[in-house]
1. What are the pairs with Cβ atoms under 6 angstrom where one residue, in the range 140-155, is over 13 Å from Lys121 (Cα atoms) and of a type in the set (Val, Ile, Thr) and the other, located anywhere, is in a helix (DSSP H, G or I) and open to solvent by 30 Å² or more (accessible area, probe 1.4 Å)? Sequence gap at least six, or different chains.
2. Give the residues of the range 112-135 that are over 25 Å from Cys84 (Cα atoms) and not hydroxyl-bearing (Ser, Thr, Tyr), sorted by residue number.
Amino acid sequence: MTKRLRPILILNGLIFLTDVVVFSSVLLNIQMDGKSALQTSFGVMIISMSVVVFCYGNYKLLFSEEKTPAFVTPDKEIKTLEDCEVAVKHYIANNVKTFSAQLQTIVTQVGRMKKKRGSVKQALAEHFSETEMSYQKFLGAVSGIEQIMIINIRSLIRRLDTFDEEEYEKLYNNQTYSAQQPDKLTASKLSLFNEYVAYVAKAVENNEEMLLRIDKLVLE
């Protein structure tokens, strides 16, 4: 509401100033006493416009919904685990509430991967020097697994960009809406949304596989 207060004050201030300029005796001094048809017509037009702008402008500013700006995440911008974390958290907060629990799990998985990456580097530093082949081999394997997780999450974000949250909620939560859809159309939509559900579940599973691979590397 506080964000809307400023434009409301500006709008009403401009309307007030316009009326003052038009009807003030020291400025335009438009008279509506009937002596001048032109002045009377102009004055009526200004008043009418002021009322319309006041009503419509204030209504739009007070009752229009604030839209969250779209979050564009081109593949090239998601390059690190940190990028993945930021992107997924954005969807949790603003876009896909349907998968908020699964996305929160993915955020946790990213945190676990970052922690395991640090643990592996510390373990390698205790046993090998950075120039040794074994150090480079294990570090390369960890980086490769990390990249697979990043690709997995990046693909998930790309899929979520096309997910119709509103349609999904209507179909599953509003029986009247569902009943209005032709059987084939409803079946097609249900099948599509089930694919989204399966895809998100598979993404979570794939991330767990990546974390398990890191654990096996640590044991090795």
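1. Close Cβ pairs (under 6 Å, with a partner that is in a helix (DSSP H, G or I) and open to solvent by 30 Å² or more (accessible area, probe 1.4 Å)) amount to Ile145/Arg213.
2. Ala123, Leu124, Ala125, Glu126, His127, Phe128, Glu130, Glu132, Met133
The values are calculated or read from the model by the stated rules, or taken from the named source; none is laboratory data. Being a predicted model, the structure only gives us computed values, none of them experimental. Reconstructed Cβ throughout: ideal geometry from the backbone, glycine too, with neighbour counts over all protein chains shown. Remember, those area values only see protein heavy atoms, side chains included, never the ligands or the DNA or RNA. Shrake-Rupley method; radii C 1.70, N 1.55, O 1.52, S 1.80 Å.
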